[in-house]
Structures are given as structure tokens and as C-alpha cells.
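Visitor: Please see the structure below; I have some questions.
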């Protein structure tokens, strides 16, 4: 005998059908690639660093689909200018980008963050350290990179780790620092943190300069005249190459050159151009974790694709930026901005490329699980020397003089 269909039966059936249709909708959405807009300074004075980041983008295109993610990447060049970064971000959104990733430089990143917020489009920061970016109350901005305060505090803490590991204790330092947005925020952080860092040395002179300077002979002469045991630097790429060349020329030989967390001395061009004079430079910086399986796979893929380049944090953090976006889309099952934002807030990626705990974001959209490693150039390659649990080799400090290098 056929049973009469009740209102309750109908409601239950409708609910089940709705759930099924929703599941199908999510599956279809996930199957369609999300359009990720990539913004990097691939030309202009930061071009070499931007191109280093671009390698991470290109590897994301290859590796993420193999990892089960559906992505389509649209590239844009910021030309190393904040105003261009703004217009390119706006164009990417008009061209259909559903999430933005970039942009290495803090000034350019700030401009993109404003565009993303105004248009209600999620923005994942691969690299960009100005603390103000995540202090604006933005709802669509997420950063997987330390602020300059985090870089400074973690970087300064690693000085004592280095001194303990090498049983050294320099008493004085000179600070050479770029005067751009990043450098100014780093200087503010260093000045605030130095009194609390319990370091054995004091900074006897601070020398700032334009990162686009073509001659640093006066600045290096001032540093040499300060007669400090240690040279602390906050640099970009081209300027630190000019700086080291000038140090060799002037026979200025401190115990070592150490950055508390800035680009330049770990990058391929620094080593290619300077050769043996690049060796032993130290940067306290977040770095690829040689003990993480995903990091080893990523590095192997990088080396195969770019045998003449060095795999650095530029490519590592950029790849993680696209991994974060792809992961959020897969979990959201939708490319709608609010769904992506909620998924980004719930990010918890434990298998990663960089040193640190799981990728998660706090209420401000900042990942705080980003410790620094001590990365030293040894035999022409950036090498993790501290902390011990992540290290590939032991640190060398004080460093050999310029004339004593093979």
C-alpha cells in the first residue's frame, strides 16, 4: 500500500536535495580554477628580487595542481612603484582576479591592500613587513610574513644565539640602513628593541642611505671610521653589493656583516657578482626549513627548474602565498569574497615550506608563527646554521678577512 507523502517527508526530502545540490555546487566551484592575481616588481630597481619571487609563482602554477588545487594565475608587474601597484591591482580585479597575492615591497603592498579593501577582494601578502599594513582594521588582508617589528625582535634574538654558538662577544656595532619605507620601519623597531634585547654590543653610529645609491664610498668610510667590531646592515640587493665591494676596496674588515632581517645578502645575484666576498655574510631571517618534507620537495623542484639560481625565501614565501589562497578556495568551495575570507581566517596549514609552526592568522590577519633562522653564505650557498634543530652546518664567526678567502 502506498503511503501518503506528508509535509514532514517533503521538508526532509527538500532539505536532503538542497544539501546534495550544495555539495555538488561546492564540488563544481572547487573544480573551476580560482583566478589569483600576482603582483610583483618584475621591473624597476627591485626587478631582480621581483623575478626571484616570480619563480615561486611559476612553481605554484606547476606544483599546486599536482597537490590537488585548482588555480589560474594572472601576472602583473608593479614596476617597483606604489602608484603602478595600485593601478595594476585595480586592472587585475577588472580582469576577473578573485584574490590578489603580492607584492614584496611594503610601499607597493600598502597600495594594493587599500585597493583590495575598497573592492572587497581578498589579498594575501607574500612578503611585506611594514607593521601598519595589518593595523588598519582591514577585513580582506592576510599576511604570511613577519612585520618589521617581528623581524627585528626575532633577528636581534638570533645575535645572542650566534654569539653563544661561536663563543664571541663583540662590544660595538655600526648600523648601515636604507632610508625607504622598509628601512624606516626596521630602524624604528631596532631602536625600540635594542634596550630590551640584552645584546653585548651597542650601536655607536647609524648611517642611512638611499637604496638606489650608485656610490656608497662615503658611507663605508664613515662606518670604518667608527672602528666598531660588528657591521649591522638593513639593505636591498644592489646597494649591499655596492657596499661590500667598497668594504673590500677600503680594506674594512669587521668581525662580520649581519642583517637582523632584510633582503640582499642571501640572493643569487649577491653571490654571483661578489663570489668569495659574498661568503660568510649572515642574515637573520625566516627561511626554508631543510627538515620539512614539503620544503625539500619544493627546493628540489626549484633546483630542477632553475639550476643556476638559489632557492631563497623570495620563492618560498611567494609559493606559500599561493598555497594559502588555493587552500582557502578548496575549503570554501566558492570564490565569493566573503566565503574566501572566512576560509582564510580558518587557515591551518601544518605542512609548509618555511621554518615555523602552522600557517594561521590572528584577528588582524597576521601570521605570528614566523621565527627567524640564522642564514650564512657558506661555499656560495645560503645555509641554515641556527637554530640547531633546523641547521645544515655550524656558523663561522668571526669571519676570515677579505685577503684570506680562497
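The values are calculated or read from the model by the stated rules, or taken from the named source; none is laboratory data. Bear in mind that the values here come from a model prediction, so they are computed numbers and not experimental data. Positions of Cβ are generated from backbone atoms using ideal geometry, with glycine treated the same way; all protein chains shown enter the neighbour counts.
Visitor: Would you mind finding the one in 315, 301 that is touching a helix residue (DSSP H, G or I) at 6+ places or on another chain (Cβ under 8 Å), surrounded by 24 or more Cβ atoms within 10 Å (Cβ to Cβ), at pLDDT 95 or above and closer than 23 Å to residue 267 by Cα? If you could, list the steps in order and put the result at the bottom.
Guide: Values: 301 fails: surrounded by 24 or more Cβ atoms within 10 Å (Cβ to Cβ).
Within the list 315, 301, the selection yields 315.
Visitor: In this structure, does residue 209 turn out to be in contact with a helix residue (DSSP H, G or I) (Cβ under 7 Å, 6 or more places away or on another chain) and surrounded by fewer than 18 Cβ atoms within 10 Å (Cβ to Cβ)?
Guide: Working: in contact with a helix residue (DSSP H, G or I) (Cβ under 7 Å, 6 or more places away or on another chain): yes; surrounded by fewer than 18 Cβ atoms within 10 Å (Cβ to Cβ): no.
No, not satisfied.
Visitor: Test each condition in (1) surrounded by 19 or more Cβ atoms within 10 Å (Cβ to Cβ); (2) within 21 Å of residue 336 (Cα to Cα) for residue 148 and report the one that comes out false.
Guide: Condition not satisfied by residue 148: (2).
Visitor: I'd like the residue in the range 225-246 that is under 24 Å from residue 180 (Cβ atoms) and out of contact with any strand residue (DSSP E or B) (no Cβ under 8 Å at 6 or more places or on another chain) and, out of all such residues, is surrounded by the fewest Cβ atoms within 10 Å (Cβ to Cβ). Before you say what the answer is, go through the steps one by one.
Guide: Step one: of the range 225-246, the residues under 24 Å from residue 180 (Cβ atoms) are 226, 228, 230-246.
If we keep only those that are out of contact with any strand residue (DSSP E or B) (no Cβ under 8 Å at 6 or more places or on another chain) as well, we get 237-238, 241-242, 245-246.
Details: 237: 24, 238: 21, 241: 22, 242: 20, 245: 16, 246: 19.
Taking the candidates together, the pick is 245.
Visitor: Looking at (1) without any contact (Cβ under 8 Å) to a residue 60 or more places away in the chain; (2) touching a strand residue (DSSP E or B) at 6+ places or on another chain (Cβ under 9 Å); (3) closer than 15 Å to residue 259 by Cβ, which is the only condition residue 189 fails?
Guide: (2)
Visitor: Would you mind telling me which numbered condition in (1) over 24 Å from residue 207 (Cα atoms); (2) in a helix (DSSP H, G or I); (3) under 17 Å from the mean Cα position of the chain (by Cα) residue 127 fails?
Guide: Just one mismatch for residue 127, condition (2).
Visitor: Might you let me know whether the range 144-153 holds any residue that is on the phi < 0 side of the Ramachandran plot, modelled with pLDDT of 95 or more and not in a helix (DSSP H, G or I)?
Guide: yes
Visitor: Within the range 157-188, count every residue that is more than 21 Å from residue 393 (Cα to Cα), part of a helix (DSSP H, G or I) and modelled with pLDDT of 95 or more.
Guide: Here the count works out to 0.
Visitor: Okay, moving on. Return yes or no: is residue 268 closer than 26 Å to residue 350 by Cα and either free of Cβ contacts under 8 Å to residues at least 12 places away in the same chain or not assigned by TED's automatic domain parsing to the domain that holds residue 323 (or both)?
Guide: Numbers: closer than 26 Å to residue 350 by Cα: no; either free of Cβ contacts under 8 Å to residues at least 12 places away in the same chain or not assigned by TED's automatic domain parsing to the domain that holds residue 323 (or both): yes.
Against the criterion (closer than 26 Å to residue 350 by Cα and either free of Cβ contacts under 8 Å to residues at least 12 places away in the same chain or not assigned by TED's automatic domain parsing to the domain that holds residue 323 (or both)), residue 268 does not qualify.
Visitor: Whether any residue in the range 12-24 is at pLDDT 95 or above, more than 19 Å from the chain's Cα centre (by Cα) and assigned to a helix (DSSP H, G or I) is what I want to check.
Guide: The initial filter retains those residues of the range 12-24 that are at pLDDT 95 or above, namely none.
For the range 12-24, residues at pLDDT 95 or above, more than 19 Å from the chain's Cα centre (by Cα) and assigned to a helix (DSSP H, G or I): absent.
Visitor: Of all residues in the range 105-120, count the ones that are surrounded by fewer than 23 Cβ atoms within 10 Å (Cβ to Cβ), under 21 Å from the mean Cα position of the chain (by Cα) and not in a helix (DSSP H, G or I).
Guide: Selection size over the range 105-120: 0.
Visitor: When you go through 263, 254, 290, 307 one by one, which is the residue that is part of a loop (DSSP other than H, G, I, E, B), closer than 25 Å to residue 390 by Cβ and out of contact with any helix residue (DSSP H, G or I) (no Cβ under 7 Å at 6 or more places or on another chain)?
Guide: Working: 263 fails: out of contact with any helix residue (DSSP H, G or I) (no Cβ under 7 Å at 6 or more places or on another chain); 254 fails: closer than 25 Å to residue 390 by Cβ; 290 fails: out of contact with any helix residue (DSSP H, G or I) (no Cβ under 7 Å at 6 or more places or on another chain).
Testing whether each residue is part of a loop (DSSP other than H, G, I, E, B), closer than 25 Å to residue 390 by Cβ and out of contact with any helix residue (DSSP H, G or I) (no Cβ under 7 Å at 6 or more places or on another chain) leaves just 307.
Visitor: Still on this structure: For residues that are crowded, with 20+ Cβ neighbours inside 10 Å and at pLDDT 95 or above, scanning just the range 253-268, find the one that is farthest from the chain's Cα centre (by Cα).
Guide: Restricting to residues being crowded, with 20+ Cβ neighbours inside 10 Å and at pLDDT 95 or above, the top hit is 254.
Visitor: Does residue 85 satisfy the criteria of being assigned to a helix (DSSP H, G or I), buried (at least 22 other Cβ atoms within 10 Å of the Cβ) and either in contact (Cβ under 8 Å) with a residue 12 or more places away in the chain or in contact with a strand residue (DSSP E or B) (Cβ under 9 Å, 6 or more places away or on another chain) (or both)?
Guide: Details: assigned to a helix (DSSP H, G or I): yes; buried (at least 22 other Cβ atoms within 10 Å of the Cβ): yes; either in contact (Cβ under 8 Å) with a residue 12 or more places away in the chain or in contact with a strand residue (DSSP E or B) (Cβ under 9 Å, 6 or more places away or on another chain) (or both): yes.
Against the criterion (assigned to a helix (DSSP H, G or I), buried (at least 22 other Cβ atoms within 10 Å of the Cβ) and either in contact (Cβ under 8 Å) with a residue 12 or more places away in the chain or in contact with a strand residue (DSSP E or B) (Cβ under 9 Å, 6 or more places away or on another chain) (or both)), residue 85 qualifies.
Visitor: Here are some conditions: (1) touching a residue at least 12 places away in the same chain (Cβ under 8 Å); (2) assigned to a helix (DSSP H, G or I). Residue 335 meets all but one. Which one does it not meet?
Guide: Residue 335 satisfies all of (1) touching a residue at least 12 places away in the same chain (Cβ under 8 Å); (2) assigned to a helix (DSSP H, G or I) except (2).
Visitor: Consider the range 332-346. How many of its residues are touching a helix residue (DSSP H, G or I) at 6+ places or on another chain (Cβ under 6 Å) and within 18 Å of residue 101 (Cβ to Cβ)? Please lay out each step first, then the result.
Guide: If we filter the range 332-346 for residues that are touching a helix residue (DSSP H, G or I) at 6+ places or on another chain (Cβ under 6 Å), which is where we start, we get 332-334, 339-340, 343-344.
Then keep just the ones that are within 18 Å of residue 101 (Cβ to Cβ); that gives 332, 339-340, 343-344.
Final tally of qualifying residues: 5.
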